Amino acid sequence: ESLLERARTLSPDAGRILYKLAMIRRHLGDIASARTLLAEWNGNDSLPQIDDPLMLAVAQMSQSAAFFLKAAEWAMAGGDTAAALTSVKSAIEVDPESVDAHLAYAHVLALTGRQSDATDEVRWVLNADPESARGWYLLAFLHRTSSSSVIQAETRAAIQRSLVLKDDEQSRTLAAALAMRAGRYEEAAREYASLIERRPEVAYYHYWLG
């Protein structure tokens, strides 16, 4: 934070430095200071003009997609979906080809009720990276309540693809829930049995097996 303050002194009109400072202050709980900085930032996305190599390196942190994605995480942790949406959009502006940025955007869109837009983002991800386990998981998650037989089939294929790419607990839990919802009880039982092998201490998994 102190290095960014120095960078701000050297380049006071660099909006991205202001934004980064605001996100840090928000994360530290200084909401009033964060709001003041965001008001000063006001969407200014200008880059720092700094000659000092160290200050330039620090200031450039505010130009990375990774920074904006971290800022979005902080905003979501604080329940500020509007700030999270702004951050992921900034991440995409910095790196339009970032799969992680588009996945984060899809996640925030889904949380704000924009399911169709979220699905479009996920499809962009899967077109760019068909091996994205997270992308296939999100596609299945977004369609998990659909009553369309066509969408249900796509959802089942998506979660199975996700599991092939990355067999983690989150994906396995969704696969079990989807099977249960569709009335494929034997399949659901196998999924919950698999989850119990991994996490025998989780009572929820035992519940579904009776």
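Hey, what D do you get for the stretch 58-130 in µm²/s if you plug the Kirkwood alpha-carbon radius into Stokes-Einstein at 20 °C and 1.002 mPa s? Could you put the intermediate results ahead of the total?
Working: Rh = 12.1 Å.
Rounded to a whole number, D works out at 177 µm²/s.
For Lys89, go through the lysines and keep the ones whose alpha-carbon is under 23 Å away, minus same-chain ones fewer than eight residues off.
Lys20, Lys70
Please compute the Kirkwood hydrodynamic radius of the stretch 153-210 from all pairs of different C-alpha atoms, in Å with one decimal.
Computed over Cα pairs of the stretch 153-210, the Kirkwood hydrodynamic radius comes out at 11.3 Å.
Please give the FRET efficiency for Glu197 paired with Glu131, using the beta carbon to beta carbon distance and R0 = 41 Å, rounded to the nearest 0.05.
Here the calculated transfer efficiency is 0.95.
For Tyr204 and Ile31, calculate 0.36 nm times their separation in residues minus their Cα-Cα distance, and state this gained length in nm to one decimal.
Length difference between fully extended and current span is 58.5 nm.
Short version: ³J(HN,Hα) in whole Hz for each residue of the stretch 194-210, in order, from phi by Karplus 6.51 cos²θ - 1.76 cosθ + 1.60 (θ = phi - 60°), x for Gly and Pro, what are they?
Using θ = phi - 60°, the values come out as 5, 5, 5, 4, 7, 10, x, 7, 8, 5, 4, 5, 5, 4, 6, 9, x Hz.
Could you calculate the contour length gain from Ala189 to Glu93, that is, 0.36 nm times the residue separation minus the distance between their Cα atoms, to one decimal place in nm?
Extra length available between Ala189 and Glu93 comes to 30.1 nm.
Values in this text are rule-based calculations from the coordinates and carry no lab data. Predicted model only: the values in this text are computed from it and were never measured. All Cβ positions, even for glycine, are placed from backbone atoms using ideal geometry, and neighbour counts span all protein chains on display.
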